[in-house]
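First comes the structure, then the notes that go with it.
The values are calculated or read from the model by the stated rules, or taken from the named source; none is laboratory data. Quick caveat, the model's predicted, so the values are computed rather than measured. Note that we place each Cβ from the backbone using ideal geometry, even for glycine, and neighbour counts take in every protein chain shown.
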Amino acid sequence: MVDRRKYRLRLKRNSLIFKIALVVILLILIWTIFRYAAYFERDDEGKIQVSIQNETNIELVNDIYIDENKIVYLSEDDMKNYFDNEMYYEQINDNQRKYISISNNQVLEITENEYHSFINDTRYKIRGTLLKHNNLYYFPISELERVYNIDVEYLPDKKRVNIERLNEEKVVATINRDTDLKYKMTNLSKNVQQLKQGDKVTIIEKMNSSWVKIKSSDYAVGYIRSFRLVNEQTERERTNKEDYSNFDIKDASLIKITDKTYKKFDEIISNSDSRKVEIKKILKDALSEVAKLKGKDVGVKIDITKVNNNENYYKFLKELKAYLNDMRICLIVVNEPSMDGQILKNVSNIIM
């Protein structure tokens, strides 16, 4: 006959072992859930995904704004982060702001609430305008493609905005069979969407020998196995910046501008309008030299020592450089002890 006390003790022990096993199983389950939670896409309902070249699903400083005409706007902070960190503005009539932005030898002037902009003094009509939204200044980036050499596309049904830098390299490939675009680099990850055989995709980054980060034709971003890609090719080469390192100053024709050239230089550089008037005069003289001396290097040499406002002087040089370089004319600047050499280096082609 079984001793009842031993039987009860055995039951208690078994019960304890069962509870411990159950706790261990629950802990393993919880650990597994947390481990693989990152492999599943977290959907942000209503949030627009933004990609700028190979920077995908980026977190902007301020929310992107899209108006009823599907014009895409970026805030001033985001414009500085991604397109021109040195853009500046002036207060004009009725305290309106006029911003100056320079990119790719293009000088943009855009004024608050005006449906046109100026690029290197040429007037262009725009459908969007510089405006205030949620007490922040927003720029109609989709209307400024010419300035920044970009292509902007908004897919409202997908809630995606893609901004392509047209002077950056673009590598594409073709999907060799139907496959799933994954949120993370694992087969356990959630599917972003299905890719079809023959789809052309943009290669963002080769993560390792097995996985590639890609962007689909409708700008979905994710990962696929590398063996699913064929016919990899460079669709667009990177455009190199203009290089004046071989510019021969001794042999070139130089238009020299010194303290004697101006009576009131500080007044001339005090605002964008008066700077532009003077820049156009300099450009006219430089182009005249180019036409007269076909095939010979032409440059503009600035040797100004008497400046009361260095900031305005740097703006003058930066704007002048854009206009000159657009016509393949070199800007040479003589450094002075009162100037910031690093800034001068950035706003000129050659510093002396």
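Odds and ends about this structure:
Conditions (1) at pLDDT 90 or above; (2) within 31 Å of the chain's Cα centre (by Cα); (3) in a loop (DSSP other than H, G, I, E, B), marked per residue:
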position: Asp266; (1), (2), (3): yes, no, no
position: Glu289; (1), (2), (3): no, no, no
position: Val300; (1), (2), (3): yes, yes, no
position: Leu317; (1), (2), (3): yes, yes, no
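- Residue within region 233-251 that is among the hydrophobic types (A, V, I, L, M, F, W, C), part of a helix (DSSP H, G or I) and either under 31 Å from the mean Cα position of the chain (by Cα) or outside the structural domain of Ser117 (by TED's automatic domain parsing) (or both) present: no
- Considering only residues in region 172-224 that are surrounded by fewer than 17 Cβ atoms within 10 Å (Cβ to Cβ) and among the aliphatic types (A, V, I, L, M), the one that is nearest to Tyr154 (Cα to Cα) turns out to be Met207.
- Within region 325-352, residues that are without any contact (Cβ under 8 Å) to a residue 24 or more places away in the chain reach partners that are surrounded by fewer than 13 Cβ atoms within 10 Å (Cβ to Cβ) with beta carbons closer than 9 Å, at six or more positions or on different chains, in the pairs Asn335/Gly341; Asn335/Met352; Ile351/Gly341.
- Pairs linking a residue in region 65-78 that is in the same structural domain as Asn135 (by TED's automatic domain parsing) and over 14 Å from Lys132 (Cα atoms) to a residue that is among the polar types (S, T, N, Q) and outside any helix (DSSP H, G or I), with Cβ atoms under 8 Å and 6 or more positions apart or on different chains, are Asp78/Asn62.
- Breaking point among (1) closer than 16 Å to Val107 by Cβ; (2) surrounded by 13 or more Cβ atoms within 10 Å (Cβ to Cβ); (3) not aliphatic (A, V, I, L, M), for Glu242: (2)
- Region 168-192 - residue that is in a strand (DSSP E or B), at pLDDT 90 or above and of a type outside the set (A, V, I, L, M, F, W, C) and, of those, farthest from Arg228 (Cα to Cα): Lys170
- Check on Glu90, in a loop (DSSP other than H, G, I, E, B) and either more than 19 Å from the chain's Cα centre (by Cα) or among the polar types (S, T, N, Q) (or both): no
- Sub-9 Å Cβ pairs linking a first residue in region 156-182 that is on the phi < 0 side of the Ramachandran plot and free of Cβ contacts under 8 Å to residues at least 24 places away in the same chain to a second residue that is in a strand (DSSP E or B) and surrounded by fewer than 19 Cβ atoms within 10 Å (Cβ to Cβ), at least 6 apart or interchain, are Asp178/Gln194, ordered by first then second residue.
- Residue match in region 82-98 (condition: in contact with an Asp or Glu (Cβ under 7 Å, 6 or more places away or on another chain), buried (at least 19 other Cβ atoms within 10 Å of the Cβ) and not assigned by TED's automatic domain parsing to the domain that holds Glu311): yes
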